[in-house]
Amino acid sequence: MKKALIIVDVQNDFCQGGALEVPEANDIIPYINHLSKENEYDQIVLTQDWHPTNHKSFAANNNKKIGETITLNGIPQFMWPDHCVQNTFGAEFHKDLFVPNNAHIIQKGKNIDIDSYSGFQDNNHFMKTGLDDFLKYHDVELVEIVGLALDYCVKFTALDAMKLDYITCVHFNGTKAVNVKPNSARDTIYQLVENGVTILG
């Protein structure tokens, strides 16, 4: 059975000192590097938030405060600080993250009108990123997921992987939650397990 490691959004803006810092984010990088180097994956994929400057998920572009929620294209949209803007330092992968030469990179969140938490598709399910096509082309059946943040992009990537019939695992030691809401990390783990995702240590 062919398997892939999906490394979600380990970018400067989500790491220590970043515009949307995930607590303890830097602590998972050695674990992820160990997986990449020591485990034999058929494919390694990195997702990368890649927002235009005028993205509508940014609070500043809506005259809103960070943490408010608006309706965007018919669904709730949390207002974030500007982050992972295309071609900026914040959008780059963290310097300590090992990126294999043959890794496949999927950029998401490029449409100004729709956010994209999942590595597979945007939040409105309008546009695919190409990740599913890539994995299917390479006959991948099992995906292991790590990265940032557990309660947003990792969660929705894992849930979509299950819906697309991949055997799906999330490495608990390879992810951290932004915890916008109390107990967000705990609730996310429950939700993933309820939907058939395996949680690995």
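Taken together, the values in this text are just the output of simple stated rules run on the coordinates, not laboratory data. Source: prediction; values computed, not measured. Glycine gets a Cβ as well: all are built from the backbone with ideal geometry, and neighbour counts include every protein chain shown.
Restricting segment 50-95 to residues that are farther than 21 Å from LEU148 by Cβ and small (Gly, Ala, Ser), the residue that is surrounded by the fewest Cβ atoms within 10 Å (Cβ to Cβ) is GLY74. Pairs meeting the criteria (first residue in segment 1-29 and surrounded by fewer than 20 Cβ atoms within 10 Å (Cβ to Cβ), second residue of a type in the set (D, E, K, R) and assigned to a strand (DSSP E or B), beta carbons under 8 Å, at least 6 apart or on different chains) are MET1/GLU141; LYS2/GLU141; LYS3/GLU141; LYS3/GLU144; PRO23/LYS176; GLU24/LYS176; ASP27/LYS176. Here the condition is being basic (Lys, Arg) and over 24 Å from GLY174 (Cα atoms); of LYS37, LYS108, LYS128, it holds for LYS128 alone.
All of ASN102, ASN87 fail the test of being assigned to a loop (DSSP other than H, G, I, E, B) and free of Cβ contacts under 8 Å to residues at least 40 places away in the same chain, apart from ASN87.
Residue-wise test of (1) of a type in the set (Lys, Arg); (2) without any contact (Cβ under 8 Å) to a residue 24 or more places away in the chain; (3) farther than 30 Å from LYS2 by Cβ.
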| position | (1), (2), (3) |
| --- | --- |
| ASN39 | no, no, no |
| LEU46 | no, no, no |
| SER57 | no, no, yes |
| ASN62 | no, yes, yes |
| GLY67 | no, no, yes |
| ILE70 | no, yes, yes |
| ILE75 | no, no, yes |
| TRP80 | no, no, yes |
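Do any helices (runs of 4 or more DSSP H) entirely within segment 110-201 hold 3 or more residues that are within 14 Å of the chain's Cα centre (by Cα) and crowded, with 24+ Cβ neighbours inside 10 Å, and if so, which? Helices (runs of 4 or more DSSP H) meeting the threshold: 155-163.
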